[in-house]
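The values are calculated or read from the model by the stated rules, or taken from the named source; none is laboratory data. Bear in mind that the values here come from a model prediction, so they are computed numbers and not experimental data. We place every Cβ from the backbone using ideal geometry, glycine too, and count neighbours over all the protein chains shown.
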Amino acid sequence: MGFLKHRFTIASSLIVLFFVVFSGRLFYLQIYKGEEYRNFSERNILRALELPAPRGRIFDRNGEKILYNKPSFNIRVFPREITDVEELAEKLAEIINVPEKKLLEKLRKIETLQSFYPVTIAKDISREELLLVEKNKETLEGIFLEVGHKRFYPHGEAAAVLLGYTGIADAKEVRTYGRIKAGNELGKMGVEKVFDSELRGTNGLEYVMVNAHGKVISDSVATLLPARKNREMVQGKDIHLTIDAQLQQFAYDALGKEKGAIVAMDVKSGEILAMVSRPSYRPEHISKELSPEERRKTKKKKSFSLLNRSTQGTYPPGSVLKIITAFALLEEKTADPKSSVHCPGHYFINKKRFNCWREEGHGDMNLYKAIVESCDVYFYKLSQKLGVDGLYPYMKKFGLGERTGIALPEKRGVNPSKAWKRKHLKEPWYPGETAILAIGQGYVTATPLQISVMTSAIANGGIVVKPKIRKTDEKKPLRITGGGQRLDAKSVSFLKKALYGAVNEHRGTGIYARSKITSVSGKTGTAQVVSAKFESTEKRFQDHAWFTSYAPSDSAEISVTVLVENGGSGSVAAAPIAKKIIETYFKLKKERDEVRIAISE
Amino acid sequence: MKFELPYLSSYSWLLLLTALLCLAGLMNLYSVSLLAGLGAFKKQLVWVFAGLLTVAVISRLRPHTLENHSVTFYLFFLALLGLLFVFGKTVSGSRSWFQIGPVSVQPSEFIKIGIIMMLANYYANDVAAKENYNSVELLKPLALLLVPTAAVIAQPDMGTAITILLIGSSIILLMGISRKALLKIIIIALISIVPAWHLLIKDYQKERIYSFMDTSTDPFGVSYNSIQSQIAIGSGMGFGKGFSLGSQSNLNFLPAHHTDFAFSVISEEWGFRGSVFILLLYFSIILFILRIATSLEDRFAMIACFGIAAMLFWHAVINIAMVTGLMPIIGTPLFFISYGGSSTLTAFIGIGIVLCLRRK
């Protein structure tokens, strides 16, 4: 029976061999590949649902909501749960109003993420689409509906440029801001961007367990994966702006079809009451997800602009700059307000003729009259004594060529000097350039907001305030940097008189701003876009029309600066608009006071 | 192979290891049942007690009684297999069950014992006791094996049929086959595949076999299960996810986690240490039975014990190869670990037989 013993030995060896093979296999699966399988098993069961935090609301100075949220439905997908991209794209295309090709492209990109965080594939779908998706949920792999928050702008285009918009964070923004993930919403422009970190809030995170059929078994998360913690959703903070929504809307409408900008501001506190830029855009055109091509097309439209002309548009200030020139002349004692200069309608510097806007001339002009009637020759002549570098520090004092410090994206404009020209144009300064600089032409450019700050400084008795867009409890107006002292009271009060005259005197250029409700002071400006020799009736070559003003003249509250791009004469095109806004401001104020009294009684 | 165990006899070791394995199986089943309800666990508890009772009864029988009744045993279960085609209950496509009140009985499990006893009986009474048998001499043992196998294939239950074939073949191989006979058997087997396929197996059964064998036609059936099982095992890593914390099984990613894939659950919840421990217990039990078999003088006892060892061995090999992804999925339980009345009882009967025969 020896052969049987031998066979038993073989059998035993076989058993040991299998034990070794299986142990090896288990070692391979559990130790060598263990971590990989562990990750896989977690992803198998784990869905990380993000609960989008509603962004903070934005209120105007009177507590009116000017930007808030409405519920919207988004279609999202779990990248890891897609098995057949083509099939899913085909099914979705039948249901929602997005071309299959576009969906496929998007889903392909999403699929490669292999993330268990969901990604949005369609935002703000219609009620019909919502019902269809809900009905076909079973067949749409990895798809689910998210109740999101859609930004709603009750004032539409009137405040769109100022408030800005939000969008999906791109890779670059994720790198810059850190605290956000790709696919999150963040402020891209305007107030939405500037106060984004406060408005944004923190999205909640909820880990849910699903079984093999994708069914949520949410309550077992804690026991099975204690390391995965849910995160509470934190709503974004509300922001209160200094804007008066009704004045904003009125100002926007007052510009009519013209391109341009309007800034209305509290002269003492620097609070912006209205900030208008036209053309604007319809917020819903931005919030809808557009392809780059569609976006390009929309941007080309004439009635579409994202630019906030009040802070980002730089224009030659024209005659409104004479306020600063006059101030400089007074301070530097270059001009004796009593002595006069004859204006024959033109002035020669080095045999070069410089025309006054009034061809027949103004006759004898002193400083007061030169401001009221906006005589160019007076400033041509006296600017030659002052010189460009004599004017430069005063322009700087009023904030030209500098940022105002408002919490919005803004341009600096140009405050030219000899040094500036050498540096940027590598050329010496010519005396003729001082002459045209003195009347706000040539190299100098400013934003409507800068002009508004300048006018407010005269109106409030000499304080160059930092404009504010956000309402704070701070009472003290912030002075602008660069000196920061109060402007000379005597010169300021001289200018106040002159600006009152410009509106209220018979020969004043700002007579169209004269109001029966309140006393208005102001200065017109008509800034040439191209050389005067160039005669054209084409709109884009027309002059920019300026009017900067404040009211009431003796105890100023509000300053209003109007710029109409290619509007022609400031006196005709801009002054009436400013008047309407000022009157509306006082009407609104009276109405609100009455309501307040009625309530208190 | 010789084992030197100073304090305990092979018999005591066998009892001890079996008890341990049985406890591990019950604990695992309890863990799986926590979320789904303890119904299966309670039932299995009853089966284990029934099994222990069976062990107690069988091990107290006189070895001769077993040998004398082996033919009866074989014929009884063969008859039951036949009766399945009349009274059988169809579960997931296979007519493998009798429903007796609340209890389901699967005769194809018990027939394994029948075949082992029958073959042992046949070879023990063969006076010639040759080293190798030729083809004519092999006709009878092969017939004894193939008749019940054919009945199981016809249910159809490929998994069980394959284990039955492997168990029987192991005994036949142990007793020896001449080279000529081996060659002839292989040729006949190859030739008979084609007519058997066309005559014996119906179309819907073929489809089931196709999908059973070919993972590509049913990615969410067979290969899906295999992948989920490997994820479950692998994700257990070194030390496991903890008792009842196996996410794969608790969340139904793992199919049949209390029956055929029970080993995956142990591996997921206890990690490498747990899975190797079970493996060690299992293979030790097999080796001890084999050791008992070699120590026996009586031919019937030796062959029967070997058959029991082969039965445990092939079940373990197929089940573990299947759940670890080394083999396509064919439904085969892991004795003492998988839930199931008939298979548990069969395993206990096997242990009982070994304990009874070792006295011979």
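A few points about this structure:
- Qualifying residue in segment A:100-108 (condition: modelled with pLDDT under 80 and out of contact with any Pro (no Cβ under 6 Å at 6 or more places or on another chain)): no
- If the condition is being at negative phi and within 14 Å of chain A (Cβ to nearest Cβ), then segment B:319-336 contributes B:N319, B:I320, B:A321, B:M322, B:V323, B:T324, B:L326, B:M327, B:L334.
- Selection within segment B:321-331 - farther than 13 Å from B:T163 by Cβ and of a type in the set (V, I, T): B:V323, B:T324, B:I329
- Checking the stated criteria, A:I323 turns out to be touching a residue at least 40 places away in the same chain (Cβ under 8 Å) and either outside the structural domain of A:G440 (by TED's automatic domain parsing) or touching a Lys or Arg at 6+ places or on another chain (Cβ under 8 Å) (or both).
- The strands (runs of 3 or more DSSP E) found wholly in segment B:85-192 and carrying at least 3 residues that are of a type outside the set (G, A, S) and on the phi < 0 side of the Ramachandran plot occupy B:89-91, B:94-100.
- Cβ separations smaller than 8 Å between residues 6+ apart or across chains give the following pairs from segment A:518-529 residues that are over 13 Å from A:E373 (Cα atoms) to residues that are of a type in the set (S, T, Y) and in a strand (DSSP E or B): A:V520/A:S549; A:V520/A:Y550; A:S521/A:S549; A:S521/A:Y550; A:A527/A:Y315.
- Within segment B:116-132, considering residues that are surrounded by fewer than 21 Cβ atoms within 10 Å (Cβ to Cβ) and touching a Gly at 6+ places or on another chain (Cβ under 7 Å), the one nearest to the other protein chains (Cβ to nearest Cβ): B:E131
- Within segment A:206-258, the set of residues being at positive phi and either modelled with pLDDT under 85 or within 14 Å of chain B (Cβ to nearest Cβ) (or both) comprises A:G214 only.
- No other residue among A:G405, A:G413, A:G399 is within 12 Å of A:T311 (Cα to Cα) and surrounded by 21 or more Cβ atoms within 10 Å (Cβ to Cβ) apart from A:G413.
- Qualifying residue in segment A:54-62 (condition: in the same structural domain as A:V147 (by TED's automatic domain parsing), out of contact with any Phe, Trp or Tyr (no Cβ under 7 Å at 6 or more places or on another chain) and among the aromatic types (F, W, Y)): yes
- Of all residues in segment B:247-271, those satisfying the criterion of being surrounded by fewer than 23 Cβ atoms within 10 Å (Cβ to Cβ) and either facing chain A (nearest Cβ under 10 Å) or modelled with pLDDT of 90 or more (or both) are B:L251, B:N252, B:P255.
- Within segment A:32-42, being facing another protein chain (nearest Cβ under 7 Å) and of a type in the set (S, T, N, Q) holds for one residue alone: A:S41.
- Number of residues in segment B:297-311 that are surrounded by fewer than 24 Cβ atoms within 10 Å (Cβ to Cβ) and within 10 Å of chain A (Cβ to nearest Cβ): the value is 2.
- Cβ-Cβ distances below 7 Å connect the following pairs, each with a first residue in segment A:11-31 that is farther than 19 Å from B:F263 by Cα and facing chain B (nearest Cβ under 7 Å), a second residue that is of a type in the set (A, V, I, L, M) and assigned to a helix (DSSP H, G or I), and a separation of six or more residues or different chains: A:A11/B:L290; A:S12/B:L287; A:S12/B:L290.
- Within segment B:272-296, being within 30 Å of B:L357 (Cβ to Cβ), facing chain A (nearest Cβ under 9 Å) and of a type outside the set (S, T, N, Q) holds for B:L279, B:L280, B:Y282, B:F283, B:I286, B:L287, B:L290, B:R291, B:A293.
- Filtered by the rule that a residue be of a type in the set (V, I, T) and closer than 15 Å to B:I162 by Cα, segment B:90-112 gives a lone residue, B:I111.
- Test: A:S536 is among the small types (G, A, S) and modelled with pLDDT of 95 or more: no
- Applying the criterion of at least 3 residues that are touching a Ser or Thr at 6+ places or on another chain (Cβ under 7 Å) and either modelled with pLDDT of 90 or more or more than 20 Å from A:G462 (Cβ to Cβ) (or both) to the helices (runs of 4 or more DSSP H) found wholly in segment A:261-337 leaves A:309-312, A:322-331.
- Top-ranked residue of segment A:123-156 - restricted to ones that are part of a strand (DSSP E or B) and over 33 Å from the mean Cα position of the chain (by Cα), ranked as nearest to A:F78 (Cα to Cα): A:I143
- Filtered by the rule that a residue be at pLDDT 85 or above, closer than 29 Å to B:C22 by Cα and loosely packed, with under 12 Cβ neighbours inside 10 Å, segment B:48-99 gives B:F49, B:R60, B:R62, B:H64, B:T65.
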